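Remarks on the structure that follows.
Quick note: the coordinates plus some simple rules give every number you see, no bench work behind them. Here the structure is a predicted model, which is why all the values come from computation and not from measurement. FYI the Cβ positions are ideal-geometry reconstructions off the backbone, even for glycines, and counts take in every protein chain you see.
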Amino acid sequence: MRNPVIEINQMSKSYELGGETVKALQEVSLQINEGDFLSIIGPSGSGKSTFMNMIGCLDKPDSGEYLLDGKKVNNMKDHELAAIRNVKIGFIFQNFNLLNKLTALENVELPLVYRGLSVKERREKAINSLERVGLGERIHHMPTQLSGGQQQRVAIARALAGDPPVLLADEPTGALDSKTSKELLQMLKELNKRGQTIVIITHDLEVAKETNRIVRIHDGQLYENGGDWFEPSRIYQNGTQEYQEQ
Amino acid sequence: MNLVESIKMALKSIKSNKIRAILTMLGIIIGVASVITLVGVGQGSSQTVTDEIGSLGTNLITLSVNDTESVQLKDDQILEFQELNGISEVAPVVTGRINAKNQENTAQVSITGTTSSYFSVRNLTLSQGRFITDMDDELRQKVVVLGSTTADTLFPYENPVGQSVQIEGVSFEVVGVLESVGTSLGTSGDNVMIAPLSTTQRITQSTAIGTVYFEAESEDYVNRAMFQVQGVMTTLFPNSSDYYSVSSQEDLMETMTSVSDTMTLMLGGIASISLLVGGIGIMNIMLVSVSERTKEIGIRKAIGANRRSILLQFLIEAVVLSTLGGLIGVVIGLGVSKLMEVFSSITISYSPSVTLLAFLFSLLIGVVFGVFPANKASKLNPIQALRQE
């Protein structure tokens, strides 16, 4: 029996937009277990980004419960959430979001700096992490000297450096060509095989198909098909049509 | 994240935008440098004045008559002062401006008619010859002692001692030449001529004694002696205290010091304003920097930086900028002071306390003007910050 890493119960979130209240999340519940390789798929405006912000502890829900790695985080204060993000979540962004003034190594070190590790310790971890993504030779390169695929690998190394229980990737292949995208997904798959829990947020069905578990988000509600193994259901096929129409 | 780490990070960020950093620091640099230089100039001139007054002797008491019509001091009245306790020398002085001539060379100089006491009262020294004596005065001798400039003007090629000089058409014998005393308080002490009191009174056709110098026996007697002089004057000229004044060097020194202190304060104040303006420049740039780096702040927050770390990062950046500016300002300020001392006659007094104060003030300015932008950065919402391009 695998332990749940993320447990979301009856989570709701709404916000004001142009004088209207948008219900971005409507009492959604989701459990993600250790070792899951899960994708959350939905078009823009589906509440996908809001959900990602919730999972990533960047925002607080209006109601509902969120347990991350056994810790109740839905009532935490801002500085507590910052600490949680630092330790429990490894972010991978669409645009890599590396700091261009820092070298690859310094970028990877950054979360460890905020964790308060010693220079020696974090250097060791950062180099180790960069080696894991196959960039051991380029640790002193600036992000601008690296290709898009390499930059995203630096971002993965940064996310992995602190050994977080969850890797949260927001459209990780959005800015990459198809070949590099495949390589990147392959790398994520391998990380997952070694036990890393990975959550991908995407609008791309091709990306979602690579994962073991797909959750669809639509109008602030979640629909799930299949478990560890993906099989399209009726709802999902409708969804597919929607995406293709776009 | 510790402080050393934060400072390193701030230096890195400053280094990546050198020109902007230098322009930002310029305000602080100019501020600190001008505080140091201007206060140095102010204190230097204050020092010069104090030294000059001090060189005249701290035992000196001066009785100046403003209105020689109402207060006419006679020679026998001067003798009364001589009998006072605590006063060692009395030198009455009559002054006037005269034309002196030696063949083709002429000079318009101020003539001082006085007695032999003047020599010691005013701490004079002779470069050659002798000073006037009491005998010269009594016998109304036509002898004269020249100031060094006067001697050079009238006798450019020869030794003046023993020669004669025409003063208002009357022939005088030069008996001595004074050592140069330099310019004191804006008037040259060398462009003068000293003759016996009685002779001068006749030449200038004025018997009015404008000034009497007294020398107290020691510094401790100065106040008592002043009091006694005042007493004698009250007896001699009742109800005329408005027409004369008695002052010591100490009074003069106090007045001059307070004048130059005010000047120093004013110069320092003006310079401090530029420091303040420099601080506003830092705030301005830090605000620009925060909005430019919104994305960076978002990334840092997403990977676990809390408000405190972000606040510290930007605050330290502002402080490092202002401190660096302050340091450069100190170096430039000291350099400019040194250059001014070398290439002009201005005396500049270097004050470590003012230097330290200016530097600390620049540091403080970094903190004060850095807090607002840093706080703004730390309050950014990570989601919105990440969305920014």
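Can you pull the percent of Cα pairs in the protein assembly as shown with separation above 38 Å? Pairs farther apart than 38 Å: 58 percent. In percent, what relative contact order does chain A have, based on Cα pairs under 8 Å that are 6 or more apart in sequence? With pairs under 8 Å counted, the relative contact order is 26 percent.
Peptide packing: for B:93-100, B:260-267, the average count of neighbouring Cβ atoms within 10 Å per residue gives the ranking B:93-100, B:260-267, highest mean first. Rounded to the nearest 5, the antiparallel percentage of DSSP beta bridges internal to chain B is 80%. Quick one: go through segment A:1-38 and flag any residue whose amide nitrogen is under 13 Å from the point 7 Å out along the Cα-to-Cβ line of A:Asp62. Answer for segment A:1-38: A:11-17, A:20-28.
What average count of beta carbons from other chains do you get within 10 Å of the Cβ of residues in B:290-303? Mind dumping the intermediate values first?
Working: counts 0, 0, 0, 2, 0, 4, 5, 0, 3, 10, 6, 6, 13, 18.
Taking all residues of B:290-303 together, the mean is 5.
Where both partners of a DSSP beta bridge lie in segment B:82-226, what percent of those bridges are antiparallel, to the nearest 5? Expressed as a percentage, antiparallel bridges in segment B:82-226 total about 75. In order along segment B:308-316, the phi-based Karplus estimate (6.51 cos²θ - 1.76 cosθ + 1.60, θ = phi - 60°) of 3J(HN,Hα) comes to 4, 5, 5, 4, 4, 4, 6, 5, 5 Hz; Gly and Pro are listed as x. Applied to segment B:174-181, the Karplus parametrisation 6.51 cos²θ - 1.76 cosθ + 1.60 on θ = phi - 60° returns per-residue 3J(HN,Hα) values of 7, 9, x, 10, 7, 5, 4, 10 Hz, with x for Gly and Pro. Enumerate by residue number the trypsin sites (Lys or Arg not before Pro) in segment A:83-126 meeting two conditions: DSSP loop (anything except H, G, I, E, B), and at most 15 other Cβ atoms within 10 Å of the site's Cβ. Counting only loop positions with at most 15 other Cβ atoms within 10 Å, none of the trypsin sites (Lys or Arg not before Pro) in segment A:83-126 qualifies. Measuring against 31 Å, Cα to Cα, the residue pairs A:Lys72/B:Lys8; A:Lys48/B:Lys379; A:Lys48/A:Lys120; A:Lys60/A:Lys179; A:Lys23/A:Lys189 contain A:Lys72/B:Lys8; A:Lys48/A:Lys120; A:Lys60/A:Lys179; A:Lys23/A:Lys189 as the ones spanning a longer distance. Structure remark: mean-square fluctuation, Gaussian network model of chain B, C-alpha springs under 10 Å; the largest value among B:Ser70, B:Ser110, B:Ser247 belongs to B:Ser70. Compactness check for segment B:72-236: Cα Rg over 2.2 N^0.38 Å is 1.07. Peptide B:379-385 has a mean shielding of 3, counted as Cβ atoms of other protein chains within 10 Å of each residue's Cβ.
Note on the protein assembly as shown: with charges restricted to the Cβ of Lys and Arg (+1) and Asp and Glu (-1), its dipole about the Cα centre is near 4340 debye.
Against the empirical curve 2.2 N^0.38 Å, the C-alpha radius of gyration of segment B:298-389 lands at a ratio of 1.61. For the peptides B:325-336, B:191-202, residues were scored by their other Cβ atoms within 10 Å and the scores averaged per peptide; the highest-first order is B:191-202, B:325-336.
DSSP beta bridges fully contained in chain A are about 55 percent antiparallel.
Is segment A:100-220 rounded, prolate or oblate when judged by the Cα gyration tensor, a ≥ b ≥ c being the square roots of its eigenvalues, rounded requiring a/c under 1.5 and prolate requiring a/b larger than b/c? Verdict is prolate for segment A:100-220.
Across peptide A:77-89, the mean count of Cβ atoms from other chains lying within 10 Å of each residue's own Cβ comes to 4. Under the combined filter of DSSP loop state and at most 12 neighbouring Cβ atoms within 10 Å, segment B:59-106 retains these GluC sites (Glu not before Pro): B:Glu69, B:Glu83, B:Glu104. Summed over qualifying helices (DSSP H, 4 residues or more, each -39500 (n - 2.57)) and divided by its residue number, chain B shows a 222 nm mean residue ellipticity of -19000 deg cm²/dmol. Centroid-to-centroid, using Cα positions, segment B:264-319 and segment B:150-228 are 65 Å apart. Working ranking of peptides A:158-168, A:64-74 by packing, defined as the average number of other Cβ atoms within 10 Å per residue, highest first, is A:158-168, A:64-74. Among A:Ile214, A:Ile127, A:Ile156, the largest mean-square fluctuation in a Gaussian network model of chain A (Cα springs under 10 Å) belongs to A:Ile127. Relative to the compact-globule estimate of 2.2 N^0.38 Å, the Cα radius of gyration of chain B comes out at 1.56.
If you plug the beta carbon distance of B:Asn381 and B:Thr58 into 1/(1 + (r/R0)^6) with R0 = 60 Å, you get a FRET efficiency near 0.25.
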